[in-house]
Amino acid sequence: TGLRLMLENGIVVRADADSTGPTILGTLGVGSPVESVVVTLGPSLQVSPHKYQWEQGWRYLSFSDDSTHRLVFEVDSHVVRSWRAGLLPAVEYVEGCS
């Protein structure tokens, strides 16, 4: 519940969560404080403005330890609003899974 999968050519390339329930890295999920993401992922975290909500202070917090996978949290100024994990380039698609 609360997890959507993106398929390309019959292969799962991405998972999206935009409701409470699914977590990643133990306890990080929708509703987690932004500070928890920052503390957990540390200096490897990349911060970029949100494509649609940047004026409201939303941003993307991205993490990758290789060149093929990425973990992306969409956050407002306080909490995680959604997260996604998967293969590049699918994990970078703003449109998401439906």
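Taking the criterion of being assigned to a loop (DSSP other than H, G, I, E, B), touching a residue at least 24 places away in the same chain (Cβ under 8 Å) and either acidic (D, E) or on the phi > 0 side of the Ramachandran plot (or both), would at least one residue in region 35-51 satisfy it?
No, the conditions are met nowhere in region 35-51.
Restricting to region 29-77, what's the tally of residues that are among the polar types (S, T, N, Q) and in contact with a strand residue (DSSP E or B) (Cβ under 7 Å, 6 or more places away or on another chain)?
So the answer is 9.
Do you know which of the residues in region 48-68 that are open to solvent by less than 70 Å² (accessible area, probe 1.4 Å) and among the hydrophobic types (A, V, I, L, M, F, W, C) is farthest from D18 (Cα to Cα)?
So, considering only residues that are open to solvent by less than 70 Å² (accessible area, probe 1.4 Å) and among the hydrophobic types (A, V, I, L, M, F, W, C), the one farthest from D18 (Cα to Cα) is F63.
Residues of region 1-60 being of a type in the set (D, E, K, R) and more than 12 Å from the chain's Cα centre (by Cα), which ones?
R4, E8, E35, K51, E55
Of the conditions (1) at pLDDT 95 or above; (2) open to solvent by 40 Å² or more (accessible area, probe 1.4 Å); (3) within 12 Å of the chain's Cα centre (by Cα), L71 fails just one. Which one is it?
All conditions are met except number (2).
Does at least one position in region 75-98 carry a residue that is open to solvent by 50 Å² or more (accessible area, probe 1.4 Å), free of Cβ contacts under 8 Å to residues at least 24 places away in the same chain and in a strand (DSSP E or B)?
no
Would you point out the residue of region 10-22, among those that are open to solvent by 60 Å² or more (accessible area, probe 1.4 Å) and at pLDDT 95 or above, that is nearest to T40 (Cα to Cα)?
Filtering first and then ranking leaves V12.
Any idea which of S44, S32 is under 17 Å from F63 (Cβ atoms), open to solvent by less than 30 Å² (accessible area, probe 1.4 Å) and of a type in the set (S, T, Y)?
None of the other options fit; the residue is S32.
The values are calculated or read from the model by the stated rules, or taken from the named source; none is laboratory data. On a predicted model such as this, the values are computed, not experimentally measured, just so you know. Virtual Cβ from ideal backbone geometry, glycine too; neighbours counted across all protein chains shown. Please note that ligands, DNA and RNA were not included when accessible areas were found on the heavy atoms of the full protein model with its side chains. Shrake-Rupley method; radii C 1.70, N 1.55, O 1.52, S 1.80 Å.
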